[in-house]
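Each reported figure results from applying straightforward, stated rules to the coordinates on display, with no laboratory input. Computed from a predicted structure; not experimentally measured. In this analysis, Cβ positions are derived from the backbone assuming ideal geometry, glycine residues included, and neighbour counts consider all displayed protein chains.
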Amino acid sequence: MRYINKLRHYGIFIVFLAICINLSLISPQFLTISNWTIIITQVSINALLAFGVTFVIITGGIDLSLGSIVAVSGVTAAMLAHPNTYPLIVPILAALFAGLLIGAFNGFMITKSKIAPFIVTLGTMTIGRGLALILSDGRPVSNLSDSFVFIGSGKLLGLPILILILVIMFIICSVILNKTTLGRYIYALGGNEQAARASGIMVTRVKMMVYSISGVLAGLAGILLTSRITTGQPNAGAGFELDAIAAVVIGGTSTSGGKGSIGGTMIGVLLIGVINNSLDLLNVSSYYQQVVMGLIIIGAVVLDSLNQKSNY
């Protein structure tokens, strides 16, 4: 039984490693530094969203507003990032604040109204999309400063800035979950909310914080996406929340809460990126990517369900 539990725990990593080994044998280009730089750069935005929603799902919640927060934050940043207007820090802080506000609103409505997170964040998803269209007047916001564009396309210490930001946020999120009191409260809340409340944990405060964290990370993702495509698109981020949630579930975070890790989420993100990249290298139609992802998600949920049943 001990070995079975270890296999379940490290299963996603084993699958990821096996896929990488097979792909390296099929395509010599797969293991090159340039190809892996492309993969990690491409998944960096989804990874930030996935990190944020990992906090939420561990508490037993869900956040469907991520894509809309990306759009609102991106448009907000673009409106303030024109040349010779504001310092670079202004659009960055404004976009992060926009993400924080929407995330905090999600947390407030969920805790105070007792409405299911699915319903609240579904409504916020629509509100956010509307706000992005209102702010931009339904048109892309362009003419961004070189310093802002540099965030998404430049390099520092020989590495793309997107990858450096990804590494920094991975470390910060891992520390929060594994080394802080908040992290312990998040796991306790997801494991048993009533027991967590009875033990003195401020459940409302913890939920507010996890949705705020998710919002801020989505705001950061909006900044990076806008910088990378050099325009603030009001329709940006459509469907991003599904990709992020998929990565979290594939990475082993339990949909019923109480279990998960940032490391597992990162493996889930990379697995999605590797599969998409490998299909491109093998000249397989992109239409098959969605089918493969859907099958992997269903498989991950089935395994999680079996694991939950075995624990009882």
The chain: C-alpha gyration tensor shape, a/c 1.5 cut-off, then a/b vs b/c: oblate
Mean separation of Cα contacts under 8 Å (6+ apart) over length of the chain, as relative contact order %: 33
Cα-based Lys pair tally, the stretch 41-237, threshold under 30 Å, eight or more apart or on separate chains: 5
The stretch 167-201 and the stretch 264-284: distance between their alpha carbon centers, rounded to Å: 29
Helix-only mean residue ellipticity at 222 nm for the chain, each DSSP H run of n ≥ 4 adding -39500 (n - 2.57), per residue, nearest 500: -25500 deg cm²/dmol
Among 269-278, 51-60, the order from most to least packed when residues are scored by Cβ within 10 Å on average: 51-60, 269-278
Distance in nm between pseudo-label sites at VAL301 and THR37 (7 Å out along the Cβ direction from Cα): 3.9
Cα→Cβ-extended label distance, 7 Å offset, between PHE13 and ILE163, nm: 2.2
Residues with amide H under 5 Å from that of ASN235, placed H, sequence gap 5 or more: none
Highest average packing first - 251-262, 213-224, Cβ atoms within 10 Å: 213-224, 251-262
Selected from VAL15, VAL175, LEU64, residue furthest toward positive end of dipole (the chain; charges at beta carbon): VAL175
The stretch 99-107 - phi-based ³J(HN,Hα) in whole Hz, Karplus 6.51/-1.76/1.60, Gly and Pro as x: x, 4, 4, 5, x, 5, 4, 4, x
Rounded if a/c under 1.5, otherwise prolate or oblate - the stretch 1-113, Cα gyration tensor axes: oblate
In sequence order, calculated HN-Hα J values of the stretch 266-277 (Karplus, 6.51, -1.76, 1.60; Hz; x Gly/Pro): 4, 5, x, 4, 5, 4, 4, x, 5, 5, 4, 5
